[in-house]
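Some notes on the structure that comes next.
Where a number appears in this text, it was derived from the coordinates with a stated rule and is not lab data. Predicted, not measured: the structure shown is a model, and the values here were computed from it. Heads up, the Cβs are rebuilt from the backbone with ideal geometry, glycines too, and the neighbour counts pull from every protein chain shown.
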Amino acid sequence: MAPAPRFHRVAALQRRFVDREPVLAAFAEELTHLGDGPRVFNAIGVGGIGKSRLLRELKDRAATRYRTASLDLQVHSLRQQEDALAVLRNELGSQGVHFDRFDIAYAVLWQRLHPHLRLNRSELAFVDESSILADIADTMTGIPIFGTARGLIKLLERGGCDIRRRLRVRRDPTLATLDDLPNSELADAVTFLFAEDLRAASQDRQYVIILDSHEALVPSPVRTGRAQLADAWLRDLVAQLDRGLVVIASREPLRWELTDPDWDGLIEICDIGGLPMEARLELLDTGGITDPFQRQTIADASAGLPFYLNLAVDTHLQTGGRVSGALVSQQEILARFLQHVAPEEIRSLEVLSPARIFDYDIFRMLTATFHLPGHRIAWESLTAYSFVYPANTALRFHQLMAAALRERLSPGTTTDIHALLQGLWENRADQATGQDSGAHAARALREAAYHALRGRQISGESILGYADHAVRRGGHSAAQGITEDLRARLNDQPDHDNLPEALRCLQAEAAIRLGDAATVTALVPEPVTALAIDTMVGARLAVAAGHGRRIAGETRAALDAYTQVWDHATGASRLTAGLWAADLHMAQGRFRDAEALATDLSASAPGQDTEFHGDVARMRHLAHRFAFEFDAAARYLDEAAAHYAAADSVLGLANIQTNRAELLAYTHPAEAIVEAGQAIEIQREIGAHHELGKAYTALAIGQLRCGQLDEAETSLRSACAALDGVGYRSGRARAEFYRALVHARRGQLDEAVSSLQWSVRELEAADVYPTIILCSAHALSILGIDDGQVTAAASRARAGIQPFGTLTDLDARVEDFVADLLNGHTWRPDELYRQAVGRPDAASGFYNHNIRMDTPAGDVIVRIPIPGSDIMDLMIWPEGDVLRAIRGTVTHAPRLLYARMQPRYQIVEFLPGQLLDNTAPRGTRVPDHVIGDVVELFGQLGLVPRERLPQSPPGWPADGRTADFARRLSAVTAGVHSRFLPDFGDLYAEFGIPIDALTEINSRWTTLHPRPFRLLHTDIHRKNIIISDGQAYFLDWELALWGDPVYDLAVHLHKMSYQPDESAALVHGWTSVVNGPATEGWQSDLDTYLSHERVKSAIVDTVRYTKIITEGNLSRDDTHAFIDKLVRKLAAAHAVLSNRVTIDHEAAAALIQQWAGRRR
């Protein structure tokens, strides 16, 4: 008989699908609910119940009517959000779904994750599948670019793809904000756009998405701590897949509703359960087990578990069908495996079974020890059996077989074998050489620790020693493996010496390497004084507790922990605590105390402990770097690197890479960019997110000093995301300081000041890095901005610093450092204001003078309130506060650069372009894009959170009380009317505006429907819209309100004077972005608001236009134009007031002249 391939012996997924009728029926029922929101079909069952085979069947059945895609979360890379989305995108894209917006967002995310690279055709994902990316790649013509959303969209504009798709991409509000998002929100935006594109393609054909092995993503069924966040990206994705069905297979129910009640009722749980007897017999029969007694025996023993049944079939095939009628237990299946194995080979298999993995050398050692055949032919024969599987470069047994083989050994023999294997792996770790020696040694150390644990011949101190050695060789995953093995060992035998404390210590130290302060605190919540610091394990646990407090910004508590260990412990832990105490003295600016302690540490440490001497030198490097003594810092950095290299410390050298990038960022920025890129790759591989954040910060500093502001901003966004993710408070505050300087270099002083203030508050709260606080104060001084809080913080910082030299010298170095970072690319707002005051070229509205000024960062507009201007509108907030609140949400508004209350002025970015009123005055059609741009603005206004806006005035109407809101509007109009009646009462009467002009409108307010409030602009008209590069930008936000969105629509329609079809298009667009309760009863209420606006315009502009006309500064044509506009507004008001007064041009001109004559 020809040998059968191994694949067919174990290919359970290829065998015939049997039964599962209840599951199939439940699945079919779920398909009837598609389109009613997100739906999840959660197929649950124990391992081996046949979930994967079931999912294949469900997908095959769904594919006839629906688009389908699947993910197997057992594949490690597919547990990553971006990789999973990429797989789904490719599979659905091949079925006709266009992912235009997602593809661009994915490219932006890729660039963000690889800031030191540039996009080119070879790097762009989906080029072959995505017409959008292909178009961009063709446009680039082989030139690498830095992939921002704005840049990619501009490249797309040059391409040749369908203009409608280009237009949709260009106008997409989410794409417009991508470049301003932090990494975590950018990843979520990519998910959002994936769902949006899929939703758009699902009108004609819905979809079924299948996810296998959810337990691989969230291994723990108890959703607590970090475990409940492991599938956060998946929950976010599924919540947005509201036009299809998502099938998720897992061992336990998802239970998403426990953390988010909104999932209640959206997840249909289907317990797969064991196969019924008939299906068991059918599966065995199709597998070739035809004897009725044999089939029934196996089926009874299987409890309906398909894995057991398939294993029996595999055994049957392997033994040629010779299966007895006895119960097929684990031992009997093992016996069938070994039926044709020679007795001496069975003994070899038994002595190999304690080895988790084995190779030829292990085989030879064990067979020689127990006098069994150990020659090459015996090895080749043994490893040819199908129950031996590859394990990287070694081999392993099938786990059921290994467990059964171990049971055949006596306890004494098992202990002896573990001791032999422990020694062998230790020897391999010591002798590892070559390029990958660190990784090989770390893996060997894990195996040595495993056998020490299983041989029950190890203490807590010894297990920590194994883990330390593995970490020094760069084996963070190996150290984590040792921790897992120790946990498993304690589950088997809970009480053993100090191993439980060692486990806590390993877990805490692993969390520290990842910068996870919260986990450390949870593991060691008790005070340090409650720990047994007179023992090696207890002292290390106390040091770990100090690290957790330090990373969390609890600097004082951390220093107390280190000092306690330094004063009362002995050995290596005492030295470690002393080192970190010195580090905190350094971080708190006590540089002389840090140096004194470093001297003691160098004297106390054994000379052969080169890694510790490297740690001391590295701390000295940091002290001199934060004292801005860069030459000394460089010397100590080189010394530390030499010590780490001698110790072969992978972790130490990795941290040196980050520190070198940080130092070069201060001294040689171009070199720093290269070094930081390498540090990022190293720290990402290690998984040290706090060091990763520091490496990104160093990259940003180098880019800032090289004038690469876009790249620096992107790098800082990545830095902040990494540092926020691990709660590294002080590192995050330092990154924010450099973000402030990027803002300052761009002229964005408002954001620069906010960032500096936040950074200083965080540094003071964490009680660290006083020299960075001095840097913040110097930065504000260079900008000419006074800030009492920062100045006071700088005074406190200066009082606590112990400089290496004098404070005066330190201050001078700090000032030079900050000046170099800003590099003269800044301006002082007060000086700009003084230059702008009285400029004859000011452009003025009714409330502000607007003066264009040039700065090193580009042209700006200085807006200065007009003294004594007539207030005719409802104003509740300073315009600067509004511009600050909409930043990042409203994409096409002038950016606030600086605002001051005394003297009152603000500076905003200059927008090149033409006022819409100049290119398309009232009565003419607007460019095609304007209506879409206005609709987009209305949509974005609804996205501005209330909490981001300033406080409303006392007594402001509660949310939804539209009538009260409207009364506020008419009260202001009535106030204007009554205020000007003494001077304009006779003209009002002659113009047909009665004393009670607002009476009827006030009575109509009670008919308004309640609607939720949102941010309103309330002054969107042609003179407040600039057209720049084919896009409308919206100016003058001083009349912004929190109120009824229908009012904003009414004001816009009233002031724009659209053509009828334009008005219809605008209203249709408005209803597409303002919907739900916000549009309740909008049609009738729109007319009510329009009536008010028409009467208000007549009242207000009678005063304004009369004053302007009678001042005598207008040309004849301009005078006629103003009179024509006033006549139109009077006519509109008369229609509302239902009076029969008719005022034409000549009559209005005469009445105005008569009014002026009476006042001479």
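For the pair Arg406 and Glu1146, the difference between a 0.36 nm per residue extended length and the Cα-Cα distance amounts to 255.3 nm. Full extension of the chain segment joining Asp285 with Asp841 gains 190.7 nm, where the gain is 0.36 nm per residue of separation less the Cα-Cα distance. Magnitude of the charge dipole for the stretch 604-759, about its Cα centre and with charges confined to Cβ atoms of Lys, Arg (+1) and Asp, Glu (-1), is about 420 debye. For the listed peptides 1136-1149, 670-683, a ranking on the average number of other beta carbons within 10 Å per residue, highest first, reads 670-683, 1136-1149. Between the amide H of Phe628 and any residue lying 5 or more places away or on another chain, no distance stays under 5 Å, with hydrogens modeled in the peptide plane. Tilt of helix 807-822 relative to the longest C-alpha principal axis of the chain, in degrees (0 to 90, nearest 10)? For helix 807-822, the angle is close to 80 degrees.
Distant-in-sequence amide contacts of Glu129, defined by a placed amide H-H separation under 5 Å and a gap of 5 or more residues or a different chain, comprise nothing.
Taking a sphere under 14 Å around the Cβ of Asn1139 and counting the other residues whose Cβ falls inside, with K and R at +1 and D and E at -1, yields a net charge of -1.
The angle between the Cα long axis of helix 555-568 and the longest principal axis of the Cα atoms of the chain comes to about 30 degrees, rounded to the nearest 10. Couplings 3J(HN,Hα) of the stretch 780-786, computed from phi: 5, 5, 5, 7, x, 10, 8 Hz, in residue order, whole Hz [Karplus 6.51 cos²θ - 1.76 cosθ + 1.60, θ = phi - 60°; x for Gly and Pro]. Net charge of the neighbourhood of Glu185, taken over other residues with C-beta under 13 Å away and scored Lys/Arg +1, Asp/Glu -1, is -3.
Where in the stretch 950-996 are there chymotrypsin sites (Phe, Trp or Tyr not before Pro) that are in a DSSP coil and have at most 12 other Cβ atoms within 10 angstrom of their Cβ? Each step should come with its number before you reach the end.
On the way: sites: Phe965, Phe980, Phe984, Tyr988, Phe991; in loops: Phe991.
Qualifying residues, ordered by number: none.
Residues of the stretch 1087-1126 with an amide N closer than 17 Å to a point placed 7 Å from the Cα of Arg979 along the Cα-to-Cβ direction: 1096-1108. Under the combined filter of DSSP loop state and at most 16 neighbouring Cβ atoms within 10 Å, the stretch 1002-1084 retains these GluC sites (Glu not before Pro): Glu1080.
How much net charge surrounds Ala69 when only other residues with a Cβ under 10 Å from its Cβ are counted (Lys, Arg +1; Asp, Glu -1)? Residues close to Ala69 contribute a combined charge of +2. Relative to the longest principal axis of the Cα atoms of the chain, the long axis of helix 292-302 makes an angle of roughly 60 degrees. Phi-derived couplings, Karplus 6.51 cos²θ - 1.76 cosθ + 1.60 at θ = phi - 60°, listed residue by residue for the stretch 516-529: 8, 5, 4, 5, 4, 5, 5, 6, 10, x, 7, x, 4, 5 Hz, with x used for Gly and Pro. Sorting the segments 558-569, 922-933 by their residues' average number of neighbouring beta-carbon atoms within 10 angstrom, most packed first, yields 558-569, 922-933. The stretch 187-204 and the stretch 956-1003 have Cα centres spaced 48 Å apart.
So for the pair Arg456, Ser754, with labels modelled 7 Å out along Cα→Cβ, what separation do we get in nm? Rounded to a tenth, the inter-label distance reads 6.4 nm. Note that the stretch 901-917 has calculated 3J(HN,Hα) couplings of 8, 9, x, 7, 6, 9, 10, 10, 5, 7, 10, x, x, 10, 4, 4, 5 Hz, one per residue in order, obtained from phi through the Karplus relation 6.51 cos²θ - 1.76 cosθ + 1.60 (θ = phi - 60°); glycine and proline are x. Shape class of the chain from the Cα gyration tensor (axes a ≥ b ≥ c, square roots of the eigenvalues): oblate, since a/c reaches 1.5 or more and a/b does not exceed b/c. Close amide-amide hydrogen proximity is noted between Val524 and no other residue 5 or more places distant or on a separate chain, at a cut-off under 5 Å (H modeled in the peptide plane; Pro and chain starts excluded). Within the straight-line cut-off of under 22 Å between alpha carbons, the lysines reachable from Lys59 are Lys51, sequence neighbours fewer than 8 places apart in one chain being disregarded.
Just list whichever of Lys1023/Lys1107; Lys154/Lys1055; Lys1055/Lys1107 have alpha carbons separated by over 31 Å in the model shown. Those over the limit are Lys154/Lys1055. The charge dipole of the chain, taken about the Cα centre with unit charges on the Cβ atoms of Lys, Arg (+1) and Asp, Glu (-1), comes to about 920 debye, rounded to the nearest 20.
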